[in-house]
Amino acid sequence: MNLSNIGLSGVLAAQYGLSTAANNMSTGPFITGYSRREVIFSALPSGGVQVHGQVRINDIYVTKQLWGANASYQQYQKSNHYYNELQSLTSVGPKSTAGYLGMNAFFDALSSASHDPGKEESRSALLNEADSMVAQMNNRTDALQSQFNTVQSDRSSVVSGANDLAEQLAKINKQIVANPENLALLDTRDALVKDLSALTGARANIMSDGTVNMSLKGGQPLVVGNKAYEMKVTQKDGQQQISIVSGEQEFSVSREDLGGELKGLDDFEYDSLRPNMAAHKQLMQETANRYNEQLAKGYDQNGDPGKPLFEFDVSTGRLKTTGLKPAELAFSSSNDPGEIAGNSDNLVALIKIKDERFELEGYGETSLEGALPMMMNKVGSQARNNELNMDTENARLNAVNDRWLEISGISTDQEALSMSRYFQVSQANLKVLEVANRLFDHTMNAL
């Protein structure tokens, strides 16, 4: 190779390197999943340099670690918001006021009535506190149901988003096969894999042709080559079931096969929200049944058998008062006209009900007075554990992301040095061309 060709190859190689470094600086900071590019050079046997093209600097092992760490973090972050909301529904105020769903105010009203059982004001105050307690309990029922509906709606949205990402990834796979030299497609591929994994916990398998297949932990496919499989959410008896659709067949997805945001929603719903809803419903039913049963054992101021104070609808999970008048509260254990006014034995029994022990499903043995604090403590413990797990996974994600940036990320200082080096190489090879031209002119003049 003559001197001119050697110099020209050097100039062109330097310009290619300069363009690559400039592209790293201008593109990398703005494109999610962009991996740094480097140029591959080799020396020609006859002199000069050959450019073989760009290579994408990416360690697939570290990249897979990044996808997995992000999916775990998204799982706990997703449920964290719901735990905070549930805590606000459970932490209903101090014991000394209308706290604990108004139950303590109701208990206090019963105790106050014992000072003068026949006084209408005391009886009216008790009925007012009963109405207030019922209203607060029903409000919490509505709030829990609202959160339940939101969780299920959120699950449907996450599945819809996962289907969109799977479709995009299948299209990118097709483009990668058709354009294997297009490195930008691999950046897009990695960004889609990260997002899809964050939603579902799906695992990626990079194929030799650069395409990626994704499947759930149980092996159910989401993307295979240029085909995306639809995730489907069906509703039955208040339960949502996720399945994978393949032609005419559907494959169910178990709770253990989920990850990412779907796992966060699932864990919160079944480990915390549903048990809390069931316990709240049981607490309302226990309250109604226990006081109604005791009232039925006594007599009101007219000597009539006690009537129920509460009515609980099992189908709707709602509680209401029956509209008793003050004189109809059965505080006496005797219907003897001479004893009714001074007898408050049944009221004493009513006061003791708050301390009676019973098994609260999913929580353990407690009392009417202790049930809500027990529920509060468990939700608080679950929320703290979830937050600790979220912080742990966030630290792991940051560490893996730092490692990924060391390998594939863009350092503006490093790219600036590369641009300076390529510029100097270009200038040096221009000098070679200048010398070659002078030699040529000198030779021509000598002839």
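Bear in mind these aren't lab numbers, they're just calculated from the coordinates by the rules spelled out. Values in this document were obtained by computation on a predicted structure and should not be read as measured data. Positions of Cβ are generated from backbone atoms using ideal geometry, with glycine treated the same way; all protein chains shown enter the neighbour counts.
Here are the numbers for this structure:
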| quantity | calculated |
| --- | --- |
| Residue-averaged 222 nm ellipticity for the chain, from DSSP H runs of 4+ at -39500 (n - 2.57), nearest 500 | -20500 deg cm²/dmol |
| Additional length obtainable on full extension of the chain from Lys227 to Asn23, 0.36 nm per residue less Cα span | 70.2 nm |
| Net charge of Cβ neighbours under 12 Å - reference Ala399; Lys, Arg +1; Asp, Glu -1 | -1 |
| Per-selection metrics, the range 190-304 (Cα): Rg and Dmax in Å | 24.3, 90 |
| Sorted peptide list for 421-432, 71-82, criterion being average Cβ within 10 angstrom, highest first | 71-82, 421-432 |
| Virtual paramagnetic centre 7 Å along Cα→Cβ of Gln235, amide N under 19 Å, in the range 122-153 | 142-153 |
| Rounded FRET efficiency, nearest 0.05, which uses the C-beta distance separating Gln145 from Val177 and R0 of 60 Å | 0.75 |
| Whole-Hz ³J(HN,Hα) from phi, Karplus 6.51 cos²θ - 1.76 cosθ + 1.60, for the range 149-165, glycine and proline x | 4, 5, 4, 5, 5, 4, 4, 4, 5, 5, 5, 4, x, 5, 5, 4, 5 |
| Nonlocal amide H pairs with Leu222, under 5 Å, H built at 1.01 Å | Met214, Ser215, Leu216 |
| Rg/Rg_ref, the range 65-395, where Rg_ref = 2.2 N^0.38 Å and atoms are Cα | 1.40 |
| Estimated FRET transfer efficiency when R0 is 22 angstrom, pair Asp131-Asp108 (beta carbons, to 0.05) | 0.90 |
| Residues of the range 283-316 with amide N under 17 Å of a point placed 7 Å along Cα→Cβ from Glu339 | 296-306 |
| Mean Cβ count within 10 Å, highest first, over the residues of peptides 220-230, 189-199, 239-249 | 189-199, 220-230, 239-249 |
| Integer Hz, Karplus 6.51/-1.76/1.60 couplings in order for the range 295-303, x for Gly and Pro | 4, 5, 8, x, 9, 8, 5, 8, x |
| Sites Ala327 and Glu293 - FRET efficiency at Förster radius 22 Å, r taken between beta-carbons, to 0.05 | 0.60 |
| Distant-in-sequence amide H partners of Asp300 (H built 1.01 Å from N, under 5 Å) | Gly306 |
| Viscosity 0.890 mPa s, 25 °C: Kirkwood-radius Stokes-Einstein D of the range 350-447 over Cα pairs, µm²/s | 115 µm²/s |
| Top of Ser254, Ser272, Ser367 by mean-square fluctuation, Gaussian network on the chain, Cα under 10 Å | Ser254 |
| Inter-probe distance in nm under a simple model that places probes 7 Å from Cα toward Cβ, at Ala184 and Arg255 | 4.6 nm |
| Karplus-derived 3J(HN,Hα), 6.51/-1.76/1.60, for each residue of the range 240-253, Hz, glycine and proline x | 9, 10, 9, 9, 10, 9, 9, x, 8, 9, 10, 10, 5, 10 |
| Charge dipole magnitude, Cβ of K and R +1, D and E -1 - the chain, Cα centre, debye nearest 20 | 1800 debye |
| Among Ala166, Gln75, Met374 - extreme Cα towards positive end, dipole of the range 65-395, charges at beta-carbon | Ala166 |
| Segment Leu44-Ala428, length gained on full extension (0.36 nm per residue, minus Cα span) | 136.4 nm |
| Length added when fully stretched, Ile57-Ser411, from 0.36 nm per residue minus Cα-Cα | 126.1 nm |
